[in-house]
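Read the figures in this text as sums done on the coordinates, not as results from a lab. Predicted, not measured: the structure shown is a model, and the values here were computed from it. Don't worry about glycine lacking a Cβ; one is built from the backbone with ideal geometry, like all the others, and counts go over all protein chains shown.
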Amino acid sequence: SFTTIDGKQGKLSDFKTKKALVVAFTAASCPISKRFAPSLAAIEKEYTKKDIGFVFVDPIAIDGAKEDLRKMAKAHEFKGPVILDEDESIAKGLGAITTTEAFVLDAARPLLYRGPVDDQYGIGYQLDAPRKHYLREALDAHLADKSITAQALWAPGCELDVEQNESTKQELTYHNRISRILQSNCLECHRKGGVGPFSLESYGDAKENAGMIRK
């Protein structure tokens with residue numbers, strides 16, 4: 001759950017009817033985040049029309065951060081919820097490392113992509129135009145029901161010092177996590193008629209073969 005800079009309550013599951021959700025980290029106090037802000041705004045404007053949701057998160061809650069974030073959001077016309085992550089719950093929950101990371105979650109919220117918006121800016125460099133449009137490419141692949149080529153990349157930005165071992169507790173179930181791991185990595189062979197020695201198409205299959213899966 002979260003509270004926007006305007007005091008509105010929300011939660012990530014509010015976007016479960018969307019085809020995907022982008023959680024974009026952007027810090028009003030980080031120079032590199034500021035450079036990426038126009039690109040984020042353009043991507044939001046384009047992909048909102050394709051039924052993608054957007055949330056903007058500033059993970060650095062220093063004095064004056066809320067007002068600076070409000071000005072930044074207004075200047076670039078962010079439409080999605082804008083959040084100052086004062087308790088670091090979102091940064092901890094996603095394991096964010098820098099202030100420029102973009103996370104793409106599908107409707108049930110498994111993570112599809114984490115990394116930079118593109119490669120135009122970094123520590124001590126900038127290009128006239130990006131050569132790689134990582135976030136766009138990830139969204140396009142997801143919308144086309146294709147695998148995302150680069151699923152996890154370093155996002156150059158201001159580094160965060162977040163205690164990851166205090167991450168918010170997640171409820172793990174077969175349907176919200178395990179089945180997707182099996183679908184992505186096992187079912188090509190481990191299915192009825194497949195070359196694998198046993199099927200892993202259901203919860204029962206996975207439970208009965210847990211020993212072999214572990215091995």
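Points worth noting:
- Centre separation in Å (Cα based) which lies between region 8-60 and region 173-215: 34 Å
- Label-to-label distance for LEU172 and THR48 is 3.7 nm, based on points extended 7 Å past Cα in the beta-carbon direction.
- Within a straight-line Cα-Cα reach of under 16 Å, LYS71 can be paired with the following lysines, leaving aside sequence neighbours fewer than 8 residues apart in one chain: LYS34, LYS79.
- Additional length obtainable on full extension of the chain from ASP161 to LYS79, 0.36 nm per residue less Cα span: 26.7 nm
- Dipole magnitude of region 1-129 about its Cα centre (Cβ charges: Lys, Arg +1; Asp, Glu -1), debye to nearest 20: 460 debye
- Sorted largest first, extent of the chain alpha carbons per principal axis (Å): 58, 36, 32
- Top positive-direction residue, dipole computed over the chain with Cβ charges, set VAL195, SER89, ALA73: VAL195
- Candidate membrane-span-like segments in the chain, meaning DSSP H helices with Cα atoms spread over at least 18 Å of their own axis and a Kyte-Doolittle mean of -0.5 or above, are 31-48, with no membrane implied.
- The sum of -39500 (n - 2.57) across all DSSP H runs of n ≥ 4, divided by the residue count of the chain, sets its helix-only mean residue ellipticity at 222 nm to -8500 deg cm²/dmol.
- Structure note, pairs LYS16/LYS215; LYS18/LYS92; LYS11/LYS45; LYS49/LYS207; LYS16/LYS92; LYS132/LYS215: Cα-Cα distances above 31 angstrom occur for LYS16/LYS215; LYS49/LYS207; LYS132/LYS215.
- Applying a 4.7 Å Cβ-Cβ cutoff to the chain, the cysteines left without a disulfide-compatible partner are CYS186, CYS189.
- Candidate aspartates and glutamates - alpha carbon under 14 Å from LYS192, same-chain residues fewer than 8 apart omitted: GLU201, ASP205
- For ARG191 and SER1, the FRET efficiency from 1/(1 + (r/R0)^6), where r spans their Cβ atoms and R0 equals 41 Å, is about 0.60.
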